[in-house]
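A.B. asks: Have a look at this one before I ask anything.
The values are calculated or read from the model by the stated rules, or taken from the named source; none is laboratory data. The structure displayed is predicted, hence computed values, not measured ones. Neighbour counts are summed over all protein chains in view; Cβ atoms, including those assigned to glycine, are modelled from backbone coordinates with ideal geometry.
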Amino acid sequence: MVLINLTGIQPTGYTLLADDAQPKEGENVAVSVERLLGENSSFFNTAGGVGAIITTGTAFSDLDRIADKLAFAVIEFPAFGDGRGFSLAVRLRKDFGFKGEIRATGPVIPDQALFLLRAGFDTVEVTTKRKQAFEAALSRFPGFYQSDFGGQTSIAHARHTVEGLGVEGHRKAS
Amino acid sequence: MYAYDTYDHAMVNARVAEFRDQVDRRMKGELTEEEFRPLRLMNGLYLQLHAYMLRVAIPYGTLSADQMRKLAHVARRYDKGYGHFTTRQNIQYNWPKLSETPDILQELADVEMHAIQTSGNCIRNVTTDQFAGAAADEVADPRPYAELIRQWSTFHPEFSFLPRKFKIAITGAAQDRAAVKWHDIGLVLKKNETGEIGFEVLAGGGMGRTPVIAKSMRDFLPVPDMLSYLEAMLRVYNEQGRRDNKYKARIKILIDAMGIEEYTRQVNAEWEKIRHVPIDVPEKEVARIKAFFAPPPLAVSADDVAEVTELANANFIFKAWLNNNAGAHKVPGHAHVTISLKPHGGIPGDASDAQMDLVADLADAYSQGEIRVSHEQNLILPHVAKKDLPALWAKLDEAGLGTANAGLLTDIIACPGLDYCALANTRSIPIAQSITERFDDLKRLMDIGPLKIKISGCINSCGHHHAGHIGILGVDRRGDENYQLLLGGSGAEDASKAAILGPGFNEVGIVDAVEKVVAVYLGEREDEESFLNAYRRLGPDVFKEAVYGTD
């Protein structure tokens, strides 16, 4: 597996914490939302950074209690067509003002690269075989009709500003 | 009509380049069919029974003459010389070669057309009243809003992988010609007490194996709030719609399960959070789009034109065509004209390349270069001066496009059925052909009056049988094609679900059954009562007796 960096963020290195394990002092750990909902402040204080492993079946309202304690989030796509993952990323950014890294894992496809970026994802874990196609997909479209969480202004708005989307579009993938 | 700017052009061109790369990778074997499938579906490319099928969007059913010429060219150059206009204001080509589909899409992009989101679990082509901008009974032209939705929904970062496909329809008239109540979301333009324009919002309609009529969830949504409200509606559906069973994944099932009140509550709660975030486009953008749909410069003239009346009195067929196929325009002295793609014995919705070229020429000559496609699978010239009707009719009639049956029994909607479709259980087209041949008498058809027959070759109901005054549903009965008869459906503002009358028939029996149903209607109707009204008054029993006997 390799990591595709969509936004140029510094990707988080972390340990996937076993069910019965506790974080070491200062260690970055990723834990399921279910477990995090039951953990107390000492858990969060011990770990360096805590990330939530979020399945697409998670109700966004469950993130309310933990979102401000998270350093990063990993949204697991069980299938590329499970679009709930996109809404979960949007909710994290929009409803909870989450600023940390949001990573996508699972069988997402290269043609979703820009959709992920625009929904608020920073990084995607992909098979090495797909790396090139993912990177190619990132530079396909100069602009979109929606304002998004990748920092892009919509074409609808750009049409009525002096700068528009600029010559090369709104952003460049790093 | 909307015209692309550099942004729109860049978008469709980028899409073509992307698809060309995907097809190349498939042809070289770098992508398996399994990997290629979701990619081609996102470009409207299906694999059907015999070949690939390409579905091209005709956004809200509006076409220019030049676009129609391009559709004719594609039919001639890349297909077998015809195209099929569908119930969702799209056109389908049934025989494209995979290797040539990127070229087709590039040719379409050159005339500001595309196949984006004509399939897949995303927001599909927004449909509307085929007479939009022309109908005399219109509150406002729905097309600027349809174009806004087209842009907002194109490659939406969050709503491109929904539980299931998603269909939005808008109408601007009280008489619903867009079947809005049969859509996932229906929008009805209206004026409030202060004269402001807004929408009634309906949700949760749909056909398929579980027919549901949409429920109203908001009586008046101001225009500037349209996109943020749609965004809230889609978000709640995307998060909570079922994904475990594709037959239970449409929004109608979610709304049935949670109730329209709870769905509305959740949507409103979400909308309160986002309504001030800049999802909705700037006012200037709405104005920019609206300007493209400014009414064409038609000169008001007298509605009574002597030449038209004289020809109608002398020629019954012209009189019938005038009566059935020409409708009231908002500008006096004009009409909107329905070009029937339902010749008796023909294939509903099919048009040859030559016919498409002719319609384009006639649009240039008589209709401000504008053409519409209806969900009833006909073509429309929206802005015809009444004095031009005799000449127009003569040219249409000569090309086999003058069938005077718009809105009548032989103006049948039929899905492609087992002649093309990989999902179908039965053929649909031959049933439509048999019925039109059985009722091949214009005087009899006009006596019967408005009657909508809709035929689907399987329970997915692409032929809208649930909404047919007479619906026909093909099912597989132990390997035989069997046709169920349904009565009493409506796709209009008085939407209703058709009910199965009784056991099914073979392909001959179903035509006999339709004839008996019509005979009962003719015998029982009161005054000017339409078939649908008569059925609603009489109930099914009298029809059942006639069709199945009394034993």
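A.B. asks: Could you say which residue among B:Ile185, B:Ile213, B:Ile123, B:Ile149 is more than 14 Å from chain A (Cβ to nearest Cβ), closer than 17 Å to B:Met233 by Cβ and under 18 Å from the mean Cα position of the chain (by Cα)?
C.D. replies: Exactly one of B:Ile185, B:Ile213, B:Ile123, B:Ile149 is more than 14 Å from chain A (Cβ to nearest Cβ), closer than 17 Å to B:Met233 by Cβ and under 18 Å from the mean Cα position of the chain (by Cα), namely B:Ile185.
A.B. asks: Within the range B:247-254, is even one residue surrounded by 24 or more Cβ atoms within 10 Å (Cβ to Cβ), within 21 Å of B:Gln130 (Cα to Cα), hydrophobic (A, V, I, L, M, F, W, C) and not assigned by TED's automatic domain parsing to the domain that holds B:Thr86?
C.D. replies: no
A.B. asks: Additional query: So for the range B:269-282 (the condition being farther than 30 Å from A:Lys94 by Cβ and either in a loop (DSSP other than H, G, I, E, B) or more than 10 Å from chain A (Cβ to nearest Cβ) (or both)), does at least one residue qualify?
C.D. replies: No, that holds for no residue.
A.B. asks: Moving to a separate point now. Any chance the range B:48-70 includes a residue that's away from chain A (no Cβ under 11 Å), under 30 Å from A:Pro110 (Cβ atoms) and acidic (Asp, Glu)?
C.D. replies: no
A.B. asks: Here is a further query. Among the residues of the range A:78-125, count how many are of a type in the set (Ser, Thr, Tyr) and free of Cβ contacts under 8 Å to residues at least 24 places away in the same chain.
C.D. replies: Of the residues in that region, 0 qualify.
A.B. asks: What do you reckon, is B:Thr338 modelled with pLDDT of 95 or more, of a type in the set (S, T, N, Q) and either out of contact with any Ser or Thr (no Cβ under 9 Å at 6 or more places or on another chain) or assigned to a helix (DSSP H, G or I) (or both)?
C.D. replies: no
A.B. asks: Being within 30 Å of A:Gly85 (Cβ to Cβ), more than 14 Å from chain A (Cβ to nearest Cβ) and not aliphatic (A, V, I, L, M), is that true of even one residue in the range B:104-119?
C.D. replies: Yes: the range B:104-119 contains one or more residues that are within 30 Å of A:Gly85 (Cβ to Cβ), more than 14 Å from chain A (Cβ to nearest Cβ) and not aliphatic (A, V, I, L, M).
A.B. asks: Of the conditions (1) outside any helix (DSSP H, G or I); (2) away from every other protein chain (no Cβ under 13 Å); (3) more than 24 Å from the chain's Cα centre (by Cα), B:Asp225 fails just one. Which one is it?
C.D. replies: Single failed check for B:Asp225: (1).
A.B. asks: Also: Specify the residue that is modelled with the lowest pLDDT; the eligible residues are those in the range B:28-57 that are exposed (fewer than 15 other Cβ atoms within 10 Å of the Cβ), assigned to a loop (DSSP other than H, G, I, E, B) and not hydrophobic (A, V, I, L, M, F, W, C).
C.D. replies: Filtering first and then ranking leaves B:Glu30.
A.B. asks: Only residues that are more than 7 Å from chain A (Cβ to nearest Cβ), aliphatic (A, V, I, L, M), touching a helix residue (DSSP H, G or I) at 6+ places or on another chain (Cβ under 7 Å) and in contact (Cβ under 8 Å) with a residue 60 or more places away in the chain: list them for the range B:152-177, please.
C.D. replies: B:Ile168, B:Ile170
A.B. asks: Also, I was wondering about something else. Please enumerate the residues belonging to the range A:49-77 that are in contact (Cβ under 8 Å) with a residue 24 or more places away in the chain and in a loop (DSSP other than H, G, I, E, B).
C.D. replies: Those that are in contact (Cβ under 8 Å) with a residue 24 or more places away in the chain and in a loop (DSSP other than H, G, I, E, B): A:Thr56, A:Gly57, A:Thr58, A:Asp64, A:Arg65, A:Ile66, A:Leu70, A:Ala71, A:Phe77.
A.B. asks: One residue is enough: does the range B:92-106 have a residue meeting the conditions outside the structural domain of B:Arg288 (by TED's automatic domain parsing) and within 15 Å of the chain's Cα centre (by Cα)?
C.D. replies: yes
A.B. asks: How about the range A:65-77: which of its residues are more than 13 Å from every other protein chain (Cβ to nearest Cβ) and either more than 12 Å from the chain's Cα centre (by Cα) or among the aromatic types (Phe, Trp, Tyr) (or both)?
C.D. replies: A:Arg65, A:Ile66, A:Ala67, A:Asp68, A:Lys69, A:Leu70, A:Phe72
A.B. asks: Between a residue in the range B:469-485 that is outside the structural domain of B:Phe543 (by TED's automatic domain parsing) and any residue that is modelled with pLDDT of 95 or more and among the charged types (D, E, K, R), which pairs come within a Cβ distance under 6 Å, given they are 6 or more apart or on different chains?
C.D. replies: none
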